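**Student:** Input: one structure, supplied below.
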Amino acid sequence: MMIDNDDAMRKSRNPWKLCSLNQVEEVKLLLRLIPIWVGCLMFCAVITQLHTFFTKQGSTMSRSLGPNFQVPPAALQSLVGLTILIAVPVYDCVFVPIARKLTKNPTGITMLQRIGIGLFVSILNMVVAGIVETARVNTARRHGLIDTPKAVIPMSIWWLLPQYVLTGIGDVFTIIGLQELFYDQMPEEMRSIGAAAYICIVGIGSFVNTGIISVVQMISSKHGNEWLRDNLNRSNLNYFYWVLAGLSAINLCVYMWISSAFEYKKVEEYNEISEGKELEMEGYSDVRV
């Protein structure tokens with residue numbers, strides 16, 4: 001049941017009317033963000049590869065840097081942070097001014113468009129990763145190393161560089177875009193919930209990735225050829241990457257449909273809610289007195 005702001009300030013309130021109009025509007029602001037949040041889970045499933053299969057790929061490749069130094073496979077993850085450090089200023093100083101001239105939008109593009117670009121980059125990332133993995137397996141086959149999983153394949157680990165760079169670029173668009181969206185579109189009193197939702201999406205995306213792996217393994221094992229094995233050279237990791245690319249493409253289409261119906265919180269609308277909240281709190285204070 002709903003009550004208006006006047007009823008919220010009355011000392012005698014109807015016990016069957018539980019929520020004020022302001023509270024209802026705040027919940028509506030929260031609920032309209034949930035489909036956007038769900039639409040970004042696939043992106044987080046993709047970036048999970050950064051800590052798993054990307055690293056395992058690197059461990060099988062030539063990691064020499066000079067005569068006496070071997071690059072640790074996990075060290076390439078630092079390239080994502082480096083890419084973000086470079087890409088954020090480029091986005092703000094180059095991309096936004098150019099986009100502003102084209103769209104007449106003060107921010108260049110909307111927050112939802114920014115997230116959507118990141119989703120597209122994640123598709124491109126998986127396509128590139130699949131191509132690189134195909135080249136890696138072909139190199140292992142040419143050198144007779146296909147059944148020697150611990151052997152170093154004569155292919156530089158820097159072939160993985162595009163995957164890490166694209167991951168960083170995707171983060172600049174989608175992850176930062178999500179952070180801005182949940183901060184800007186949340187009611188002020190619920191911004192802590194928005195921050196929590198933004199942070200937990202990465203963890204839940206890992207569970208989504210685990211579910212996809214389980215389904216892929218179940219289906220591929222029924223045909224007698226598991227795609228993901230302990231011996232990466234005998235696996236079909238490239239096919240798995242392309243499955244992720246296909247799922248991400250479907251997800252992008254769904255996201256575009258969802259975002260087309262999204263209405264941004266208007267400043268006037270938010271001010272009315274805030275003013276109503278203040279009046280409601282004053283009414284509660286009067287009741288306590």
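Readers should treat all values here as calculations from the given coordinates under stated rules, not as data from a laboratory. Not measured: the values here are computed from a predicted model. We place every Cβ from the backbone using ideal geometry, glycine too, and count neighbours over all the protein chains shown.
**Student:** Within the stretch 87-105, does at least one residue satisfy the condition of being under 20 Å from the mean Cα position of the chain (by Cα), more than 29 Å from F53 (Cα to Cα) and among the hydrophobic types (A, V, I, L, M, F, W, C)?
**Tutor:** no
**Student:** Across the stretch 100-131, which residue is surrounded by the most Cβ atoms within 10 Å (Cβ to Cβ) among those that are of a type outside the set (S, T, Y) and over 21 Å from C40 (Cβ atoms)? Break it down stepwise before answering.
**Tutor:** First, pick out the residues of the stretch 100-131 that are of a type outside the set (S, T, Y): 100-102, 104-106, 108-109, 111-121, 123-131.
Still in the list and also over 21 Å from C40 (Cβ atoms): 100-102, 104-106, 130-131.
On the way: R100: 14, K101: 10, L102: 9, K104: 8, N105: 13, P106: 7, G130: 21, I131: 16.
Ranking the qualifying residues of the stretch 100-131, first place goes to G130.
**Student:** Next up: Scanning for something among the β-branched types (V, I, T), part of a helix (DSSP H, G or I), crowded, with 18+ Cβ neighbours inside 10 Å and at negative phi, does the stretch 55-62 turn up at least one residue? Step through it out loud before you land on a result.
**Tutor:** We begin by selecting, within the stretch 55-62, every residue among the β-branched types (V, I, T); these are 55, 60.
Keeping just the survivors that are part of a helix (DSSP H, G or I) gives 55.
Now restrict to residues that are crowded, with 18+ Cβ neighbours inside 10 Å: none.
No, the stretch 55-62 contains no residue that is among the β-branched types (V, I, T), part of a helix (DSSP H, G or I), crowded, with 18+ Cβ neighbours inside 10 Å and at negative phi.
**Student:** Return yes when G66 is in a helix (DSSP H, G or I), of a type in the set (G, A, S) and more than 30 Å from F262 (Cα to Cα) and no when it is not. Steps first, answer last, please.
**Tutor:** On the way: in a helix (DSSP H, G or I): no; of a type in the set (G, A, S): yes; more than 30 Å from F262 (Cα to Cα): yes.
Against the criterion (in a helix (DSSP H, G or I), of a type in the set (G, A, S) and more than 30 Å from F262 (Cα to Cα)), G66 does not qualify.
**Student:** From the list T107, T134, T139, which one is among the hydroxyl-bearing types (S, T, Y) and assigned to a loop (DSSP other than H, G, I, E, B)? Steps first, please.
**Tutor:** Values: T134 fails: assigned to a loop (DSSP other than H, G, I, E, B); T139 fails: assigned to a loop (DSSP other than H, G, I, E, B).
One residue alone meets the criteria, T107.
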